[in-house]
Amino acid sequence: MKKFKNHLDEMQEQELLKIEHNGCWLVFWLLLIAIVVQSFAFESMDFKTVAGEWVVFMILALYLEIACIRKGIWDRHIPMNTKTNLLISLIASLAVGVFNFIIVFKNFQKPVGALAVSIVSVVITFALCMIALTISMKKTQKKKNELEAEPSDTNEL
């Protein structure tokens, strides 16, 4: 593939990277918000309603995850440890639980059933999120250690 000449100086290159970074995260969070809003806006939640946004959202999320692991990057502000994974898993599972409670209650008007669905979704989401974060943390730490390791001198006589 032919590379095009870069007409930007270093400062402009850094600014462009910041713009692209902010644009990427803006799209990520707006897609998530669009999925949630569409889920509440329609009478019956049908996957076809949000399928397009969901596919784009998941492709973007997987790309970001895989790219960060390959570069040994966890996060700019959040430490890489089990306590963080527990907290993130708890927040994600509670958000999914509330979302499921609202959707089920809206559709069936049964608070006990909605609560049961919500509790099951909280437990499953917490477990899956914790597993995924732990695996990602281990892979990221392994790659980070590989990248930070001093190269061995293979040209010794």
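The values are calculated or read from the model by the stated rules, or taken from the named source; none is laboratory data. None of the values given here were measured: they were computed from a predicted structure. Virtual Cβ from ideal backbone geometry, glycine too; neighbours counted across all protein chains shown.
Checking the conditions here, which among Ala34, Ala41, Ala67 is more than 30 Å from Lys144 (Cα to Cα), surrounded by fewer than 11 Cβ atoms within 10 Å (Cβ to Cβ), among the aliphatic types (A, V, I, L, M) and not assigned by TED's automatic domain parsing to the domain that holds Ile135?
Testing whether each residue is more than 30 Å from Lys144 (Cα to Cα), surrounded by fewer than 11 Cβ atoms within 10 Å (Cβ to Cβ), among the aliphatic types (A, V, I, L, M) and not assigned by TED's automatic domain parsing to the domain that holds Ile135 leaves just Ala41.
So if I check each of Ala114, Ala51, which one is modelled with pLDDT of 90 or more and in a helix (DSSP H, G or I)? Reasoning before the result, please.
Working: Ala51 fails: modelled with pLDDT of 90 or more.
Going through Ala114, Ala51 in turn, just one is modelled with pLDDT of 90 or more and in a helix (DSSP H, G or I): Ala114.
Could you give me the residue pairs with C-beta distances under 6 Å whose first residue belongs to segment 113-128 and is free of Cβ contacts under 8 Å to residues at least 60 places away in the same chain and exposed (fewer than 13 other Cβ atoms within 10 Å of the Cβ), whose second residue is assigned to a helix (DSSP H, G or I) and among the polar types (S, T, N, Q) wherever it lies, and which are 6+ apart or on separate chains?
As it stands, the answer is none, since no pair meets every condition given.
Is it the case that segment 66-83 has a residue that's out of contact with any Ser or Thr (no Cβ under 7 Å at 6 or more places or on another chain) and under 20 Å from Ile35 (Cα atoms)?
No, because not a single residue in segment 66-83 is out of contact with any Ser or Thr (no Cβ under 7 Å at 6 or more places or on another chain) and under 20 Å from Ile35 (Cα atoms).
How do the pairs read when you match residues in segment 79-102 that are assigned by TED's automatic domain parsing to the domain that holds Leu115 with residues anywhere that are buried (at least 16 other Cβ atoms within 10 Å of the Cβ) and not in a helix (DSSP H, G or I), using Cβ under 7 Å and keeping only pairs 6 or more apart or on different chains?
Met80/Trp74
Check off (1) without any contact (Cβ under 8 Å) to a residue 24 or more places away in the chain; (2) in contact with a Leu (Cβ under 9 Å, 6 or more places away or on another chain) for Lys48 and give me the number that stays unchecked.
Every condition holds for Lys48 apart from (2).
Would it be correct to say that Trp54 is out of contact with any Gly (no Cβ under 6 Å at 6 or more places or on another chain), surrounded by 14 or more Cβ atoms within 10 Å (Cβ to Cβ), of a type in the set (Phe, Trp, Tyr) and closer than 30 Å to Glu148 by Cα?
The answer is no for Trp54.
If we scan segment 15-37, do we find a residue that is outside any helix (DSSP H, G or I), touching a residue at least 40 places away in the same chain (Cβ under 8 Å) and out of contact with any Leu (no Cβ under 6 Å at 6 or more places or on another chain)?
no
Looking only at residues in segment 117-157 that are within 29 Å of Ile66 (Cα to Cα) and part of a loop (DSSP other than H, G, I, E, B), which one is nearest to the chain's Cα centre (by Cα)?
Ala149
When segment 74-102 is examined, which residues are found to be surrounded by 13 or more Cβ atoms within 10 Å (Cβ to Cβ), part of a loop (DSSP other than H, G, I, E, B) and either more than 14 Å from the chain's Cα centre (by Cα) or on the phi > 0 side of the Ramachandran plot (or both)?
Correct list: Met80 only.
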